[in-house]
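Please read the structure below before turning to the comments.
Derivation of every value follows stated rules applied to the coordinates shown; laboratory data play no part. What you are looking at is a predicted structure, and each value in this text was computed from that prediction instead of being measured. A quick note on method: Cβ atoms are made from the backbone with ideal geometry, for glycine too, and the neighbour counts reach across all protein chains shown.
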Amino acid sequence: MSHTRWKLARERKLLEGHVEAPEAAAERAEIRLAMTFAKAVYDRRTELGLTQAEVAERAGLTQAKISRIEGADAVPTLPLLRRIAMAMNASLNIALDADHEEVRFIGHPAA
């Protein structure tokens with residue numbers, strides 16, 4: 001089943017009165033946050049025209065670690081978030097709400 005079909009099936013069940021288990025809702029929220037962060041990293045990296053290896057070198061990480069972050073397979077710690085933001089010459093803004101996450105890199109002006 002494709003992601004779109006799965007999402008539609010889940011929404012249909014919720015409309016029919018099916019109640020999602022709290023554990024499932026929490027896990028889905030964590031995955032959504034990891035994916036939101038992954039997309040922000042990828043978008044900023046490609047905006048700068050950098051490879052994963054170049055970002056990794058700037059941040060003192062491995063290319064594999066950047067790949068895991070962009071694949072939403074790893075959730076970085078706060079110190080790692082700072083290193084990634086600095087490596088991409090940006091500030092990192094994260095807004096968290098009950099059902100919405102926003103992650104944005106705001107580039108610093110060129111010196």
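Quick grid of which residues meet (1) under 20 Å from His100 (Cβ atoms); (2) of a type in the set (Gly, Ala, Ser); (3) touching a Lys or Arg at 6+ places or on another chain (Cβ under 6 Å):
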| residue | (1), (2), (3) |
| --- | --- |
| Asp43 | yes, no, no |
| Val55 | no, no, yes |
| Ala59 | no, yes, yes |
| Thr62 | no, no, no |
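Among the residues of the range 28-36, is any polar (S, T, N, Q) and out of contact with any strand residue (DSSP E or B) (no Cβ under 6 Å at 6 or more places or on another chain)? No - not one qualifying residue is present in the range 28-36. Suppose we filter the range 98-111 for residues that are β-branched (Val, Ile, Thr) and free of Cβ contacts under 8 Å to residues at least 40 places away in the same chain; how many remain? Looking only at that region, the number is 1.
Could you say whether any residue in the range 49-63 is at negative phi and touching a Phe, Trp or Tyr at 6+ places or on another chain (Cβ under 8 Å)?
Filtering the range 49-63 for residues at negative phi gives 50-59, 61-63.
From what is left, the residues that are touching a Phe, Trp or Tyr at 6+ places or on another chain (Cβ under 8 Å) are none.
Looking for residues that are at negative phi and touching a Phe, Trp or Tyr at 6+ places or on another chain (Cβ under 8 Å), one finds none in the range 49-63, hence no.
So is Leu78 exposed (fewer than 12 other Cβ atoms within 10 Å of the Cβ), more than 14 Å from Arg44 (Cβ to Cβ) and either touching a Phe, Trp or Tyr at 6+ places or on another chain (Cβ under 7 Å) or touching a residue at least 12 places away in the same chain (Cβ under 8 Å) (or both) or not? For Leu78, the condition - exposed (fewer than 12 other Cβ atoms within 10 Å of the Cβ), more than 14 Å from Arg44 (Cβ to Cβ) and either touching a Phe, Trp or Tyr at 6+ places or on another chain (Cβ under 7 Å) or touching a residue at least 12 places away in the same chain (Cβ under 8 Å) (or both) - is not met.
For every residue, the table says whether it meets (1) in contact (Cβ under 8 Å) with a residue 12 or more places away in the chain; (2) in a helix (DSSP H, G or I).
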{"site": "Val41", "(1), (2)": "yes, yes"}
{"site": "Glu47", "(1), (2)": "yes, yes"}
{"site": "Val55", "(1), (2)": "yes, yes"}
{"site": "Leu61", "(1), (2)": "yes, no"}
{"site": "Arg68", "(1), (2)": "no, yes"}
{"site": "Arg82", "(1), (2)": "no, yes"}
{"site": "Met86", "(1), (2)": "yes, yes"}
{"site": "Ser91", "(1), (2)": "yes, no"}
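Picking from Ala95, Ala26, which residue would you name as being assigned to a strand (DSSP E or B), without any contact (Cβ under 8 Å) to a residue 12 or more places away in the chain and not basic (Lys, Arg)? Spell out the reasoning first.
On the way: Ala26 fails: assigned to a strand (DSSP E or B).
Result of the check over Ala95, Ala26: Ala95.
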